[in-house]
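Some notes on the structure that comes next.
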Amino acid sequence: MRTVELFLLEGSYVGGEDGVVVELYGRTRDGTPLVARNYGFRPYFVLTEPTAGVRERLGKDPEVAELRDLSTWVEGRDRPALRVSIRHPWLVPQYRDTYRRPGDDTSVLACDIPFVHRFLYDHGLGLTIAFEAEDEPPEIAARYTIPQVVRVVTTDDHDIRPSEPFRPPLRVLSFDIEN
């Protein structure tokens, strides 16, 4: 296991065995390109004041990975809520539309942020990050054109975190202008 510092250039995700894998593309301090794969972060949304029927329906849904009760501050008061973690981020809009109560825009929360941005936001990450890493096996690394592909190691003692800012040597700048 080694510590990696990464200047983020892009993020994406792919479907995995039990959900989704967050892919973070970037360059190390010395400019080496690297892909960091993070396992275990699930897409979620929050339902405020869910009914018993909604809880039961979600509890039987095979796409739902976890239900967790919480309290959330909405419109000047604490409201009971349910954090619903699902297996695939591309289904969040469908669940949002299914469970949003007509006329109540606050009935479904945390459902409009793209999945990779949600990952970065929930971990308090910015442009430069640090984490402990292990090399991915050759069969996974072979899926990428980048020579270094690592797995982010997450334990009670180690997690992905912000690092001191740095700017690696960059070679290409690309952006899309739409009118």
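Rule-based calculations on the coordinates, nothing more; no lab input. Since we're looking at a predicted model, the values are computed, not measured. No Cβ is skipped: glycine too gets one built from the backbone with ideal geometry, and neighbour counts run over all protein chains shown.
Taken about its Cα centre, the chain carries a charge dipole of roughly 180 debye when the Cβ of each Lys and Arg holds +1 and the Cβ of each Asp and Glu holds -1. Each residue in I129, I113 was given a count of other beta-carbon atoms within 10 angstrom of its own, and listing them fewest first yields I113, I129.
Here the Karplus curve 6.51 cos²θ - 1.76 cosθ + 1.60, taken at θ = phi - 60°, turns the phi angles of the stretch 63-74 into couplings of 7, 7, 8, 7, 10, 9, 6, 7, 10, 9, 8, 9 Hz, with x standing for Gly and Pro. Between the stretch 75-118 and the stretch 133-159, the alpha-carbon centres lie 31 Å apart. In this Cβ point-charge picture (+1 for Lys and Arg, -1 for Asp and Glu), the stretch 44-111 has a dipole of about 100 debye about its Cα centre. For Cα extents along the principal axes in Å, one of [x] 60, 43, 24; [y] 53, 38, 35; [z] 44, 41, 38 was computed from the structure I shared and the rest are decoys. Which label? It is the one labelled [y].
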